[in-house]
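Reviewing the structure listed below.
Values in this text are rule-based calculations from the coordinates and carry no lab data. Every value quoted in this text rests on a predicted model; they were computed, and no experiment measured them. Neighbour counts run over all protein chains shown; Cβ positions are idealised from the backbone, glycine included.
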Amino acid sequence: MKRVILSAVLLSGVLLADGAKNVDRVQTMQNMETAMATIQKGFLYNNRNIIANGVQKLKYNTKNINSFKIADIRHDQFKEKDFAKTEAKAISTLADTILDDFDSGNKEKVLDTYRKMQNQCITCHRIVRKW
Ligand code: HEC
């Protein structure tokens, strides 16, 4: 069963790579969630390859981060596409930082940066979900 699920995940990864431009919001977000979990798994196993894999996946998916519209937005001034671009850049930079810090043995900073990355996700979700 695990194999079937893994194959499905891998296959969807391949399909995604092909149709990157058409990736929709749900897929992008779910991929980012998986990538974040992968990075965390890398910390727990103390395995650089796993972390690097998650970082790469996360960065790849941030390219499609603005594949959404916010309907019924309260403040008209909010430009979701521009905001998404800024967030994508910040998340990418933080992801690179995680790998650099891991390589230089700065484990505490790695976790700190991970939390900052989560904050970037939540910041946007708060706006979107009007928390
Ligand atoms: C620029 C805005 C923005 C950023 C940044 C962002 N998201 Fe999202 N996310 C959305 C929107 C819009 C939705 C859909 C609305 C909702 O679920 O309330 C969403 C939904 C999700 C969902 C639910 C997907 C589903 O199946 O419906 C997950 C999981 C998710 N995001 C993960 C992440 C992770 C992980 C990050 C950070 C690495 C992140 N998001 C960063 C805008 C963003």
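Odds and ends about this structure:
- Distances between every pair of Cα atoms in segment 22-129, grouped in 5 Å steps from 0 to the bin holding the largest one, split as 2, 12, 23, 24, 16, 11, 7, 3, 1, 0 percent.
- Under the simplified labelling scheme, the Asp112-Gln56 pair shows an inter-label distance of 2.9 nm, with each label point 7 Å from Cα along Cα→Cβ.
- Virtual spin-label span in nm between His125 and Lys69, 7 Å along Cα→Cβ: 2.4
- Among the trypsin sites (Lys or Arg not before Pro) within segment 24-131, those in coil by DSSP and having at most 15 neighbouring Cβ atoms inside 10 Å are Lys63, Lys69, Arg74, Lys79, Lys130.
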